[in-house]
Structure formats: C-alpha cells, structure tokens
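The values are calculated or read from the model by the stated rules, or taken from the named source; none is laboratory data. All figures in this text were calculated on a predicted structure; none of them were measured in a lab. Virtual Cβ from ideal backbone geometry, glycine too; neighbours counted across all protein chains shown.
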Amino acid sequence: MVIHSIGTPGLWAGFLLIVALLLTLDLAVFHRRAHEVRMKEAVLWSVVWIGVALAFNAGVYHWFGRERALEFLTGYLIEKALSVDNIFVFLVLFSHFRVPASFQHRVLFWGILGALVMRAGFIGLGAALVQTFHWVMYVFGAVLVVTGVRMLFQGEDDVHPERSLILRLFRRLVPSVPEYRGTRFLVHEGGRWLATPLLAVLVAVEATDLVFAVDSIPAVFAVTTDPFIVYTSNIFAILGLRALYFVLAGALGRLRFLKVGLSLVLGFVGGKMLLGGVVDVPIGVSLGVIAFLISGAVAASLTWPAAKAEVEG
C-alpha cells in the first residue's frame, strides 16, 4: 500500500513548533504555580483546546480539501472519545497515590510530553507496517474488535495500580522517599537523587498512555493512513485531555453507558478495517456513526441514570 501524506517537512516542523509554544504558555504562564483546577477553569481550557483543534481542522479544509478535513475531524473525535477511558484510570491512579489536587495538573502536563514522543513512534511504526504489509490493517481491525468486546464486559473494579508490573519494577529499582515534596519528581538527599511518589505517578500515567495508544492509534488508521492526520488528531485530543479530566472527574460515574458506546465505536472501526476490501464506508458516514454512538451513550446515561448508591460507590 502506498501512503500519500500531506505532511511536508515544513508542515511537520510548523505543527511541532505550535504545540511547543502552546505547552510553554500553558506551563510557564497560565499554570506557573501549582493549584487545584476548578470546574470553571477546566471548562474554559476545554473550550480553548477544542477551539484550537477546530481552527486547525479549518486550516486542513482550506489547504487540503474536504476529505482530509473529515479524516482529521473523525480521528479527533475517536481519540477524544477514547481518552475518556484514560480519565477513569487517572482517577484511580490519583486516588491510589493520594495525589493532592494541586499537583495533578503538573503530572498530566509532563505525561502529555511523554505521550507526544511515544505516539510519534507508534504512528511511525504503524504507517511503516501498513505501507509494507497491507494485511496489518486486518490485524489492527481484529485488535480493535477484541478490545471493544473486552471493554464492554470490563468492570470499573478491574483497574488495580498495585498490580502493575511497571510500578513494581519502579519501586524495586528506583530509590524513593515515601512522602511528596511539593511538585518535585526528584530530590537530592544524602548525596544521591531520590524519586518522590509524584514520579511514580508520572510513570504510571505514561504506562497507561502506552496501553491506550495500542488501541487508539489503530482506530484512527481505520479512517486515514496519512501519518500527519493520524498524529495531529492524536495530539490535539491529548492536549485537551487534562482539561477534560478536570471537567469529567466528578461526572464519570453518571455516564453509565459511556463504556458501551466506546466499545461499539471500537467494534465499528475494527469491523470497517476487517471489511475494507469488501465494503467501502465513506468518511462522512464513519464520522456520523461514531458521533451517533458517542452522543447516544451520553444521552442514554442522562435518560436512565444510575442509582445514587451505585454512582457514589
């Protein structure tokens, strides 16, 4: 399979420069001091990040046409929806490690920097495999279908940070102090560098993103094989993940059917890849189906809410 990409070296450099500037402003100006992110601030930042992504999408439409713009928008919607599952895991991690609310934004910020690098590697590898071996698309499709089925039957109690192999290795191999030292990841004491619990949390967040990338990146390859579109849609969804976390952190328990919707999205895009040689699903139809499944899951959750005891539990 020959992959045609709109991503020229100049376009890649420009995009990475914009992302670097946005993250610098975020950390050095708007979140220079550690503080608890309130709902009003989180909603404002969610609107900002969504607006930036839609502005980029408008640019793609203007310079590269409707088809590429729809591919970006569909990929962005897929990533945005699947990132909600990340948020649930982040909630469990922050609760397990008793991370103060004022430290959580900093952990997620540095987690995003790691995700920028990891996902670039995953997407580059995926694009190379798809270009060399067309049958890899069928493998991606099968992985997504299996993941969708697993998500459908996975309970919220199935996440256990204490059982993580990466965290067990970290605790065994990395000298650490038992308590938080402000927002520092490392402290120098007794002539050596020691990790704080905040570094362990960051490692857990990066490991979580690594696992989710295995599912989410193939899902975007179901709508486009352009590495630039795949990467940019991933990154814009990740950039808004922190703000979305603070918006949804207290509401996830009420979205009882959201996992069902996400599992159906994975099943749809996986089936689309498996049947790609037989059925050609237009990108506009894919966008409509995915939007319908996600909005339907949210609407069903609001129409038939969980019992109060179930939400609080």
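Here is the figure for the range 189-205: residues that are basic (K, R) and either part of a helix (DSSP H, G or I) or within 30 Å of F88 (Cα to Cα) (or both) total 0.
Conditions (1) among the acidic types (D, E); (2) in contact (Cβ under 8 Å) with a residue 24 or more places away in the chain; (3) under 26 Å from V281 (Cβ atoms), marked per residue:
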site	(1), (2), (3)
R66	no, no, yes
L70	no, yes, yes
T74	no, yes, yes
N86	no, yes, no
Q104	no, yes, no
I112	no, yes, no
M118	no, yes, no
F122	no, yes, yes
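Scanning for something farther than 20 Å from N234 by Cα and small (G, A, S), does the range 87-96 turn up at least one residue? Within the range 87-96 (the criterion being farther than 20 Å from N234 by Cα and small (G, A, S)), the answer is yes, since at least one residue qualifies.
Restricting attention to the range 182-203, which residues are modelled with pLDDT under 90 and surrounded by 15 or more Cβ atoms within 10 Å (Cβ to Cβ)? Matches in the range 182-203: T183 only. Determine, yes or no, whether D215 is more than 25 Å from A101 (Cα to Cα), surrounded by 14 or more Cβ atoms within 10 Å (Cβ to Cβ) and acidic (D, E). Against the criterion (more than 25 Å from A101 (Cα to Cα), surrounded by 14 or more Cβ atoms within 10 Å (Cβ to Cβ) and acidic (D, E)), D215 qualifies.
For the range 259-272, the count of residues that are at positive phi and not basic (K, R) is zero. State whether one or more residues within the range 112-135 are more than 23 Å from L11 (Cβ to Cβ) and either buried (at least 20 other Cβ atoms within 10 Å of the Cβ) or touching a strand residue (DSSP E or B) at 6+ places or on another chain (Cβ under 9 Å) (or both). No - not one qualifying residue is present in the range 112-135. Each residue in the range 100-155 was checked for being assigned to a loop (DSSP other than H, G, I, E, B) and within 19 Å of V269 (Cβ to Cβ), and 3 pass. When R172, R168, R150 are screened for being surrounded by 12 or more Cβ atoms within 10 Å (Cβ to Cβ) and either in contact with a Lys or Arg (Cβ under 8 Å, 6 or more places away or on another chain) or modelled with pLDDT of 85 or more (or both), only R150 passes.
Just wondering, is there one or more residues in the range 170-178 that are under 25 Å from A120 (Cβ atoms), in a loop (DSSP other than H, G, I, E, B) and touching a Leu at 6+ places or on another chain (Cβ under 7 Å)? Within the range 170-178 (the criterion being under 25 Å from A120 (Cβ atoms), in a loop (DSSP other than H, G, I, E, B) and touching a Leu at 6+ places or on another chain (Cβ under 7 Å)), the answer is no, since none of the residues qualifies.
Taking the condition loosely packed, with under 14 Cβ neighbours inside 10 Å and at pLDDT 85 or above, does L70 pass? It is false that L70 is loosely packed, with under 14 Cβ neighbours inside 10 Å and at pLDDT 85 or above. Just so you know, in the range 244-280 the residues that are in a helix (DSSP H, G or I) and more than 19 Å from I294 (Cα to Cα) include one that is modelled with the lowest pLDDT, and it is F246.
Filter the range 47-104 down to the residues that are over 15 Å from the mean Cα position of the chain (by Cα), closer than 26 Å to A204 by Cα and aliphatic (A, V, I, L, M) and list them by number. Once the filter is applied, which keeps residues that are over 15 Å from the mean Cα position of the chain (by Cα), closer than 26 Å to A204 by Cα and aliphatic (A, V, I, L, M), the range 47-104 yields V92, L93, V99, A101. Among the conditions (1) within 28 Å of Q131 (Cβ to Cβ); (2) in a helix (DSSP H, G or I); (3) out of contact with any Ser or Thr (no Cβ under 6 Å at 6 or more places or on another chain), the only one that Y76 does not satisfy is (3).
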